[in-house]
Structures are given as structure tokens and as C-alpha cells.
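A short worksheet on the structure shown next.
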Amino acid sequence: MRRTIFIGDLHGCLDEAEELLDACKATAQDWVILLGDLVDRGPNSGGCIDLAMRLEKRQGAVACVRGNHEERHLDYEDIKARLGRLPHNMNAGHQATREQLRPEHYDFMRRMPLFIRVPEHGAVAVHAGAYPGRPIEAQTERHLLHIQSINPPEEKSLWPSRVPKGERAKWPFWSTLWDGPERVFFGHSVLNKPLVTDRVVGLDGGACFGKELWAYIAPDNRVVSVKGRAARKDDNRGRELILVHEDVGAYS
Ligand SMILES: [Mn+2]
């Protein structure tokens, strides 16, 4: 059976990504799936998209789901096409990313799917997660790209840190309510350790914040980790850790 290697948010951390693929001994026979948010924060956004393009060619299968950061940069392109200028409120980090992105990067981001099914492992890869009780095809783009803490049947999702302190029990993290049928592999929420259950696998180790980059190899059921390089300027060390799923906490 072909191995599938799921990898959490790269956020411009190309060196770490290459080190992690080496540590996994990834070859053209493996299917590597990046869980979105290749761009912003870290030093090499353009290089991370080039890596995804190379992987896709090598493995002959799609290599990345779209993240909310790719969505944001596609939005900038749409705004520029419509208004003839970029939004006035674009921050310096997004500007720095734009300077690395070429037309073929935007074309590639437009082709990124919102989810990738891996039937041989009963898995589906998405960026942020999925709303419980609904098939993947029925999910909204908003949920697939952003979902964190939810209060069903409300559709709204909140960052764990933005749930009012007295209401945390009312706003569980989506993964605690997900009941399949697929096992959902996701990134987006920076966790203090890999979240691995029968139903969900969370793999954003916060590499761009100087924490870790994580890969999960199926069917070996093994997590491989490499250390993030020096913490970036906008690191999240100051953020509170909030328990979101059993003993796993999120920094967002
Ligand atoms: Mn994200």
C-alpha cells in the first residue's frame, strides 16, 4: 500500500519542510499532502509553493489543500483586478509574501482543492477542520478554511482564545464533536503536541513560530517532527495555551 505523508502548515518554512521530507525518507512512491497555509509568516512563501508544485509533478497526485492564507492572497489578486489597486489595509507581512509570488503561484493556489480524499486510509485532508454531522461535500468553504471552536447548531466558529472564559464548555473545539465517517487530517490551529485519534489528526506544530513541523505517515501510524528555526518576529510565545481536545492544547 502506498504511504501517505500528511504535513502541517509550512508558512514559508521551506528548510524545515525539506528536512522533514528527508526525515520521512519520502520518495516518488509516496503521496505527500500538505495541509494548506504554505505562505506568510516564515521566510520563503514562494519556495514552499514551488515545493508543492514539484511534489505534485513527482507523485502524479494533488499535493496541497487550500488554506485561509492562500485564500487571502487570492482575494488580494481579485481586489487588484477589480479596483486596479491593492487594499489599503494590507499588512507588511502580506506585502512581503506578495513580493515572492509569481503568476504561476497564483494559478497553483487557484487550483488547490478544499479537501483531498485518501480512501485507502479512510482519510480526508482539509486545512482547518469540518463541521460535525455533515458530509465533507456539504461543508462550507468558511468552515473548511477556518473552523475552530463551535457551538452547534450555530454556524459561527470562534478562535479558542476568543471564546468568553465562562463559556468554554459551551464552545467545544470542532474535532471533539467530529464523528466521521472519515478521519479528518487538519492543520490551521497551532497545537502543543500532535492530536492523533481514530477520528482526527491535527498537525500544525507552529514551525513558523520556532516550534515544530509535524508529519503523520499512514499506514505506519507514526508522527515525524523537526524543529522550527529561530522564532519569527511575530511569534506566539505570549499566547495562552487552551486545552481543546483531551490533553491537547491550542495557541490560537
Ligand atoms: Mn490557517
Would you please give the residues with an amide H less than 5 Å from that of G36, counting only those at least 5 places away or on a separate chain, with H modeled from the backbone geometry? V65
Cα gyration tensor shape for segment 82-168, rounded if a/c is under 1.5, else prolate or oblate: oblate
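Tally Lys/Arg at +1 and Asp/Glu at -1 over every other residue whose Cβ is under 11 Å from the Cβ of I79; what's the total? The partial results should precede the final answer.
Details: positive: R72, K80, R82, R85; negative: D75, E77, D78.
Combined, the nearby Lys, Arg, Asp and Glu give +1.
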Looking at the chain as a GNM with Cα springs under 10 Å, which of G84, G67, G210 has the largest mean-square fluctuation? G84
³J(HN,Hα), Karplus 6.51/-1.76/1.60, whole Hz, each residue of segment 182-194, x for Gly, Pro: 7, 8, 8, 9, 8, x, 6, 9, 6, 10, 7, 7, x
Length-normalised contact order for the chain - Cα pairs under 8 Å, 6+ apart - percent: 21 percent
Less than 26 Å apart at the alpha-carbon level, and either on another chain or at least 8 residues along: which lysines does that give for K25? K57, K193, K211, K227
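Under 15 Å from the Cβ of Y131, count the other residues' Cβ atoms, weight Lys and Arg +1, Asp and Glu -1, and hand me the total.
Numbers: positive: R134, R142, K156, R199; negative: E137, E141, E154, E155, D179, E182.
Here the count lands on -2.
Quick check: from the Cα gyration tensor, does segment 116-227 come out rounded (a/c under 1.5), prolate or oblate? Display every interim value, and only then the final one.
Working: a/c = 2.00, a/b = 1.19, b/c = 1.68.
Oblate, because a/c is 1.5 or more while a/b does not exceed b/c.
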Which helices of the chain meet both criteria: a Cα extent of 18 Å or more along the helical axis and a mean Kyte-Doolittle score no lower than -1.0, with helices taken as whole DSSP H segments? 45-59
Give me D22, D30 ranked fewest to most by other Cβ atoms within 10 Å of their Cβ, as a rough exposure proxy. D22, D30
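Would you compute, from DSSP H runs of 4+ residues alone, the mean residue ellipticity of the chain at 222 nm, taking -39500 (n - 2.57) per run and dividing by the full residue count, rounded to the nearest 500? Walk me through the numbers on the way to the answer.
Working: 6 runs with 63 residues, N = 252.
Rounded to the nearest 500, it is -7500 deg cm²/dmol.
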Work out from phi, with θ = phi - 60° and the Karplus expression 6.51 cos²θ - 1.76 cosθ + 1.60, the ³J(HN,Hα) of each residue of segment 203-208, listed in order in whole Hz, and give x for Gly and Pro. 10, 8, x, x, 3, 5
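Bear in mind that the values in this text are calculations on the coordinates, not laboratory data. Small disclaimer: the values here were computed from a predicted structure and weren't measured. Here Cβ is always computed from backbone atoms with ideal geometry, including for glycine, and neighbour counts include all displayed protein chains.
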